[in-house]
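First up is the structure itself, then whatever we jot down about it.
The values are calculated or read from the model by the stated rules, or taken from the named source; none is laboratory data. It should be emphasised that the depicted structure is a prediction, and the values quoted were computed from it without experimental measurement. Glycine also receives a Cβ, built like all others from the backbone with ideal geometry; neighbour counts cover every protein chain displayed. Surface areas here come from the heavy atoms of the whole protein model, side chains and all, with no ligands, DNA or RNA. Shrake-Rupley method; radii C 1.70, N 1.55, O 1.52, S 1.80 Å.
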Amino acid sequence: MITRRRHILHVRLFPPEDGASDLYAQVLSALEGITPRVQPIPPHSADLDVTGALRFWDRDVQGIGQMIRLRTAALFGLHDTTLGAGPNRMLAAMAAAATSPGGMTVLGHDAETVAGFLRPRPVAALYGVGPATATTLTKYGLHTIGALADAPLPTVQRLLGAAAGRSLHERAHGHDPRPVTPEAVALSVGEAYRFDSDELEADQHRRALLALAEQVGARLRSEAQAAGAVSITVHYADRSTTTRTRILVEATHHSAALARSAYEIYERLGLQRARVRRISLRAQTLGPAAGTTRQLTFDAGVDKALVVEAVADRARARYGPKAVMPASLAGAPAVLAISALRRTEGRTDPWEAWAVRGEAGESEVL
């Protein structure tokens, strides 16, 4: 039986900070005019399966990519759209991560090309390898994807567990069976804070996250919505980004719960004095707050905190957003400089965290 080769494109957008949500929805609609198999990856990416579109448009995958860049530039003014193409979603995303903004990298289907691309890269660049997993692998001398691929499968499974070890070992060999699946739309609400200058201090990062959680929580409560997931996006000085998402055990619209989840995500990033230019926090998988449940506890402080939050909401509604705020934010410009990212439609890929580095780039075929 002859299996048709898959051709996957990973599209990474660089929208302006203002109106980014609206632009993202419009670009997704335009991409669906090229192929119906579009899977959005908020906040600014998407995977496209163009296998069937090649014959329709009478172009190869690089030609489809050039058409996408032309349309996003002409219709939406996005001149730095970055693309990666490969035989599966993982390789396409990694190709885009290795491409300068405005460029395109195409990976061939032959095993030698895939191995040549993957093997020298750090193990942390592999899809599904977070900071904790990368630390474990490097501790045992597996610093590159090639070293992970060469390691015996039983050894990797002893280090990471049976399921995770087998999955990452397969990915180290370039295998990723995930299909590009158009999904139902899930609403999200987000806020973003831009530092006056590149910020290295973790305390300032956490202060910004607290301010963002307060803003997002207040918006959710005012609209009687609750979030089932929280994501943060960190924008660095070199224009690269990292996005992580956490699925919540209980849907919530309480600022303290949102802040705790944001802190946990941030700690797992292990930034170590990274030069951060901007931080975004987004509440995803929204639903009616009336339909949520909350685990009862014997901690009276939890109920008191919720009562205080309700009183603070009424005070802010009457006297302004600065009437009541956490003590650590008193006098902080973070509260004043929060810029809203308007409600948008998007879908969540919890593992999406590909960094796109560089300034301007050209197309490259590997």
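Percent of accessible area on region 120-220 owned by carbon and sulfur, 1.4 Å probe?
Reported share for carbon and sulfur atoms: 55 percent.
Each residue of region 142-150 in turn: what ³J(HN,Hα) in whole Hz from Karplus with 6.51, -1.76, 1.60 and θ = phi - 60°, glycine and Pro shown as x?
Listing the rounded values in order: 9, 8, 10, 5, x, 5, 5, 5, 7 Hz.
Report the local net charge at residue 7: Lys and Arg +1, Asp and Glu -1, summed over other residues whose C-beta lies under 13 Å from its C-beta.
With Lys, Arg at +1 and Asp, Glu at -1, the neighbours total +4.
Could you give the length gained on full extension between residue 109 and residue 304, defined as 0.36 nm per residue of separation minus the Cα-Cα distance, in nm?
64.3 nm
I'd like to check one number: the per residue accessible area of region 215-283, probe 1.4 Å, reported in Å² as a whole number.
So region 215-283 comes to 41 Å² accessible per residue, rounded to a whole number.
Around residue 253, which amide H atoms from residues at least 5 apart in sequence, or from another chain, sit under 5 Å from its own amide H, with H modelled in the peptide plane?
Those qualifying (amide H under 5 Å, at least 5 residues apart or on another chain) are 227.
Cα extents of region 151-215 along the three principal axes, largest first, in whole Å?
48, 35, 20
From the phi angles alone, apply the Karplus equation (6.51, -1.76, 1.60; θ = phi - 60°) to region 193-205 and give each ³J(HN,Hα) in whole Hz, x where the residue is Gly or Pro.
Computed from phi, the couplings for region 193-205 are 10, 10, 6, 5, 9, 4, 9, 9, 7, 5, 4, 5, 4 Hz.
Pull up all non-local amide H partners of residue 174: gap of 5 or more, or a different chain, and H-to-H distance under 5 Å with H placed in the peptide plane.
none
Going by Cα centres, region 192-208 and region 24-86 are how many Å apart?
So the separation of the two Cα centres works out to 33 Å.
Once amide H atoms are built 1.01 Å from N in the peptide plane, which residues 5 or more positions from residue 107, or in another chain, come under 5 Å H to H?
85, 86, 366
Which value, in Å², gives the accessible area per residue of region 91-203 when a 1.4 Å probe is used on the protein heavy atoms?
In whole numbers, region 91-203 has 44 Å² accessible per residue.
So, counting K/R as plus one and D/E as minus one, what does the shell of residues with Cβ under 15 Å around residue 56 add up to?
Net charge around residue 56: 0.
What ranking, highest mean first, results for peptides 128-134, 4-10 when packing means the other Cβ atoms within 10 Å averaged over each residue?
Output ranking for 128-134, 4-10: 4-10, 128-134.
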